[in-house]
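Taking it in order: structure first as structure tokens, then the write-up.
Here, each number is a calculation from the coordinates, and none is a lab measurement. Because the structure is predicted, anything quoted here is derived from the model rather than measured. When we count neighbours, we look across all protein chains shown, and the Cβ atoms used for this are built from the backbone with ideal geometry, even at glycine.
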Amino acid sequence: YADFCGTVCVSDCADLLDVEFFPNQEELPALIGQAHKAGVAVVCSSHDFHKTPSRTEMVARLTAMQQAGADLPKLAVMPNSPSDVLELLGATAIRGRQMESSASQNAKHLSVTCSTTDQTAKHVSSSLIARHNTIGYKKC
């Protein structure tokens, strides 16, 4: 995985690299450093396809991704109720305030995605962006 990410970075064909958070926690700072050295921005993603973690856990994940140097920490979760969606919004609001008050912030944006199969949660937006960021892509 690390070799593949390195190859992508030095190919000059990518402006953005999406690195999975959990399987790569120990390698994350080195992967991000390698990408940044090559001029490639890094999305660090944490996915939970079965549930929405606690607000505390989501804030901790976003914080760890930022501390590792990610340009765009990203959460993707599965809400099972409208309150899960509110927990996700609460976590991004907390982390957003922490980022604004931090003098040494690396990440300038947060991205969260909320997928649902629950009928009651369909009334809430299925894609939530805490801060908007437009990223261009190179064609190779």
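Distance between the C-alpha centres of segment 1-26 and segment 27-53: 8 Å, rounded to the whole angstrom. Among the GluC sites (Glu not before Pro) in segment 9-107, those located in a DSSP loop and surrounded by at most 10 other Cβ atoms within 10 Å of their own Cβ are 26. A simple spin-label model places the labels of residue 86 and residue 101 2.3 nm from each other, with each point 7 Å out along Cα-to-Cβ.
Given segment 1-96, what whole percent of its Cα pairs are spread farther than 21 Å? That fraction is 35 percent.
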